[in-house]
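One structure below.
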Amino acid sequence: MELTTWIVSVVVILAIYIWLQRPDPRLPPSPVRALPIVGHILSMSRDTRSQLRAWRHCCGDIYSLYMGNTLVVVLNGYDLIKEALVTRADIFSDRPSLFVDMASGLPKLGILFSNGAVWKEQRSVSLSILRSFGMGKNVLAEKIQEEIDCYMEVLADLKGECTDIEVFTSISISNIICSILLGQRFDYEDKTFQDLIHKSRDLVSEQEAVSLINFFPWLNFLPGDLFKAKKLRVSYVSLINMFSDVLNEKKHFSDSNDVSNFIYAYINKRNQKIQSGISTSLDDQNLVKTMCDLFGAGTETTSTTIYWCILYILNHQKVQDKVYDEIKNKVGTFRTPTIHDKSQLTYLNAVIMETQRLASIAPVALPHQCSEEVTLKGFTIPKGTMILPNLDSVLHDKDTWGEDAMSFRPERFIDNDGKLKNPEQFIQFGIGPRACLGESLAMMELFLFLSNMFQRFQFLPPNPCSIPPLAYKTGVVVSPLGYEVRVVKRI
Ligand code: HEM
């Protein structure tokens, strides 16, 4: 073929390709033109949250991105997110298929990544079990308090030395979930427990690297493990196997009257349904996957919030003084705070809420997916589109929180009568039917841990001239860059 023919062919093919790739005016706008094959991936900075904020400035509350060939629509601002996730929840409540779920070997089971009837049943049964644990005798509060006593000993053993408290805070929170799921807490030195912790931390830390495989599945077949897919699969499968082993051990001892842990309560619900002739998805595989979901979703989130709170306190010592004064006046120092003190400790509650708002640890929640074509704000969103609700855009919105939205000011959650405010825009747990299932448990954990911590200890920077900066790393949850703190005993 002659050179001219080659050049003409290439130009024609390119022209057709560009024409086919032209922006569809019915779709939400894109901030910049998508590149062939990679889409917007190369335009995305490492700090995704700042990038999404910048794109909202240029495109408005709704915009489209292409991750490879996958269309992703980002929703910003309270009104729009509420319209999608609450008003039109029937269309916006599915989850897309993600690599991490496939890697578990039990895809589309459990709660986090399931859809339709399976999701509805697993979620409502799990929620009702957790609620029953939080009522009356309040098994949850008891289990949390038991764990806090051990955590306090660990803090006291530090004897005011500079330490990074991240890992043992996370271990302690994991232990609460274990105690709820299995009915037993572990010694921090226990081999099985340490294995469980390592596997689940791998799952969290490798997710960012693995996320590219969601958009370019062929990366999974490359030799080596550049995208950590193999490591993640091994960790996930062994986590599933560990929970399966525990289930197999426990289910032989379950009796119909004992519903003191999640496994027994779930088996009990299953038996009731079967005996009543109701068809059900409550089976062993769904139970194991649900346990993994609760363990994974319930550990890093809460412990990272505590880690953030201490970092904010190091940067705002006056807030710490005020929290301590409140605890001293309302609870005293002769007994530990309990869940019954929650309504009395308004300022501490405000500090927790302000930490959650400003840290915004799950900035884009978990991805949703449209189950059918839908029109939103005049734009068409095709069936199957991945949806990212940008919770950051609500939690940091100056129109709601004022010009100082990016400052740590717990007083914004207290009204003129000294009462706690709970604005509807405070949506760090998401909104709608897919909102966080562990909200009550998380709020109970945060209150009990932090009230006990601030009553017994003062948190100080390594030295007064070097206060750790409010720097963060992005990932499945946004967490502070590691920092050290001196934990000094008060009582
Ligand atoms: C401060 C702590 C926590 C925060 C900030 C948080 C935040 C969130 C967010 C933003 C979502 C996604 C909502 C959406 O997709 O629209 C979510 C989902 C979920 N969370 Fe949490 N969470 C926390 C603690 C917990 C705890 C302690 C548990 C369980 C014990 C838990 C279990 C779940 C589950 C199972 C889902 C999936 C719900 C579904 O797909 O139906 N979370 N969480």
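The values are calculated or read from the model by the stated rules, or taken from the named source; none is laboratory data. Remember, predicted model here, so these are calculated numbers, not experimental data. Virtual Cβ from ideal backbone geometry, glycine too; neighbours counted across all protein chains shown. Areas reflect the complete protein model, heavy atoms only, side chains present, ligands, DNA and RNA absent. Shrake-Rupley method; radii C 1.70, N 1.55, O 1.52, S 1.80 Å.
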**Item:** Which of PRO461, LEU181, ILE91, positive extreme of dipole for the chain (C-beta unit charges)
**Value:** ILE91
**Request:** Return the subset of LYS230/LYS289; LYS120/LYS199; LYS269/LYS342; LYS159/LYS342 for which the Cα-Cα distance in this structure is over 21 Å, preserving the input order.
**Result:** LYS120/LYS199; LYS269/LYS342; LYS159/LYS342
**Fill in**
Expected sort for 263-269, 223-229, 388-394 on mean C-beta neighbours within 10 Å, highest first, is 388-394, 263-269, 223-229
**Asked** Taking the alpha-carbon centroid of each part, what is the distance from region 317-331 to region 72-92 in angstrom?
**Response** 39
**Fill in**
Inverse of <1/r> over all distinct C-alpha pairs of region 402-468, i.e. the Kirkwood Rh in Å, gives 15.3
**Prompt:** Under the classification rounded if a/c is under 1.5, otherwise prolate if a/b is larger than b/c and oblate if not, where does region 1-142 fall, given a ≥ b ≥ c as square roots of the Cα gyration tensor eigenvalues?
**Reply:** prolate
**Item:** Extension reserve of the SER440-ASP284 stretch, reckoned as 0.36 nm per residue once the Cα distance is removed
**Value:** 53.6 nm
**Asked** Peptides 270-281, 355-366: what's the order by average Cβ count within 10 Å, highest mean first?
**Response** 355-366, 270-281
**Asked** Ignoring the sites themselves, what is the longest stretch of the chain with no GluC sites (Glu not before Pro) in a DSSP loop and at most 15 other beta-carbon atoms within 10 Å?
**Response** 190-371
**Asked** Quick one: if the Förster radius is 51 Å, what FRET efficiency do ASP255 and ASN329 give, using the C-beta to C-beta distance and rounding to 0.05?
**Response** 0.60
**Request:** Out of all DSSP beta bridges with both ends in region 23-489, state the antiparallel percent to the nearest 5.
**Result:** 85
**Request:** Once you have a ≥ b ≥ c as the square roots of the Cα gyration tensor eigenvalues for region 54-126, tell me rounded if a/c is under 1.5, and otherwise prolate or oblate according to whether a/b is larger than b/c.
**Result:** oblate
**Complete:** Mean separation of Cα contacts under 8 Å (at least 6 apart) over the residue count of region 30-107, i.e. the relative contact order in percent, is 24
**Item:** Linear extension gain, ARG409 paired with ILE467, 0.36 nm per residue minus alpha-carbon span
**Value:** 19.1 nm
**Asked** How many angstrom separate the Cα center of region 269-288 from the Cα center of region 120-155?
**Response** 23
**Request:** Please give, to one decimal in nm, the separation of the simple spin-label points placed at HIS57 and ASP164, each 7 Å out from Cα toward the Cβ.
**Result:** 3.2
**Message:** If I take R0 = 45 Å and measure r between the Cβ atoms of LYS383 and ASP321 in this structure, what FRET efficiency does the formula 1/(1 + (r/R0)^6) give, to the nearest 0.05?
**Reply:** 0.25
**Complete:** On the formula 1/(1 + (r/R0)^6), with r taken between the Cβ atoms of VAL8 and LEU222 and R0 of 41 Å, the FRET efficiency rounded to 0.05 is 0.70
**Fill in**
Given the candidates VAL204, TRP55, LEU80, the one whose Cα lies deepest towards the positive end of the charge dipole of the chain, counting +1 at each Lys or Arg C-beta and -1 at each Asp or Glu C-beta, is LEU80
**Prompt:** Taking a probe of 1.4 angstrom, what is the accessible area of TYR483 in Å², to the nearest 10?
**Reply:** 10
**Complete:** Against the 2.2 N^0.38 Å rule of thumb, the C-alpha Rg of the chain sits at a ratio of 1.05
**Request:** Report the charge-dipole magnitude of the chain in Debye, nearest 20, computed about the Cα centre from +1 at each Lys and Arg Cβ and -1 at each Asp and Glu Cβ.
**Result:** 440
**Asked** How many nm separate the modelled label positions at ARG88 and GLU153, each set 7 Å beyond the Cα in the direction of the Cβ?
**Response** 5.5
**Asked** Spin-label point model (7 Å from Cα, Cβ direction): what's the LYS120 to LYS398 distance in nm?
**Response** 4.4
